[in-house]
Each structure stands twice: as structure tokens, then as C-alpha cells.
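Throughout, read-outs are computed from the coordinates displayed, never taken from laboratory work. For clarity, every value in this text was computed on a predicted model and none was experimentally measured. Backbone-built Cβ (ideal geometry, glycine too); neighbour counts: all protein chains shown.
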Amino acid sequence: MERLSVCEEEVYLEICLMSEPPALEDVRSAVNRLGHEWKPQTVSTFLNRLVKKRYLSMWKKGRYYYYEPAISLEDYQAAECTRMLNRVFKGDSQRMQSCLIAATNKYGKNG
């Protein structure tokens, strides 16, 4: 799996949480609720990058393109956890687990 930028990840995660495949304006509304003020072209750029990296699939219906995850959220989360385990914790899963528990206790469920 190719790495995502922070902005690409935000777009991808918002699409994963949607119950129906969204069009561009639906995605833009969702990410702008996170505090962004992105224009349609900006969101379109991130969507195109996610399609190119094979995180999303897209299809056209009428005038609009619709997007859906091509990689499940669970698979993405597992890959990111593995990256963090190897990069930050040097493969020590016990240390990673202890850190997650301590962070949850300190900062709460939503950090």
C-alpha cells in the first residue's frame, strides 16, 4: 500500500465512513466540516490521487463521478498499525500496546 498524505488520508477516511458512495460535493462538505475550506478542485485533486494510488474506485453516473473505497478501512488500519509498530516501536508489540493503553487513559478515547 502506497503511503497517503495527511490530506489524502482525511478524504479517504471520510469516504470510508459514508453509507453511500459520495460525489465530489458530498466529499467536499464532509472534509470541510473537519475545519477545511477546500474548493472543489482541491478535493478533486485528492480524489484523483486516491484513485491513482488504488485506495478508491470511481465511476460516472450522469454528470457526476462517485467514489468508494477499493481498500477496506480495516485493511488500511491494519497496514498503518503495522507501519507504526515497525517504525516507532521497532516491532515491539507489547510496548506499542502499553503505549496505546497509557495514551487512552491519559487523553481519552478520542485523543
Exercise. Along Cα→Cβ, 7 Å out, is where each label goes; now give me the distance between the ones at Asn105 and Glu9 in nm to one decimal.
Key: 2.6 nm
Practice problem: Mind checking which aspartates and glutamates have their Cα closer than 17 Å to the Cα of Lys90? Skip sequence neighbours fewer than 8 apart in that chain. | Solution: Glu80
Quiz item: If you find the alpha carbon centre of the range 41-55 and of the range 62-111, how far apart are they in angstrom?
Solution: 21 Å
Practice problem: State, to one decimal in nm, how far the label point of Glu37 lies from the label point of Lys53, with both points 7 Å from Cα in the Cβ direction. | Solution: 2.6 nm
Exercise. Read phi for every residue in the range 52-63 and hand back ³J(HN,Hα) as whole Hz from Karplus 6.51 cos²θ - 1.76 cosθ + 1.60, θ = phi - 60°, with x for Gly and Pro.
Key: 4, 7, 6, 8, 10, 10, 9, 8, 9, 9, x, 8
Exercise. Just subtract the alpha-carbon distance of Cys81 and Gln97 from 0.36 nm times their residue separation and send over the number in nm, one decimal.
Key: 4.7 nm
Exercise. Mind sorting out which of (i) -0.59, -1.02, -1.10; (ii) -0.30, -0.81, -0.94; (iii) -0.19, -0.64, -0.83 is the real log10 I(q)/I(0) by the Debye sum over Cα atoms at q = 0.09, 0.16, 0.18 Å⁻¹ computed from the coordinates?
Key: (ii)
Practice problem: Using R₀ = 25 Å, calculate the FRET efficiency as 1/(1 + (r/R₀)^6) where r is the Cβ-Cβ separation of Val88 and Thr45; round to 0.05. | Solution: 0.25
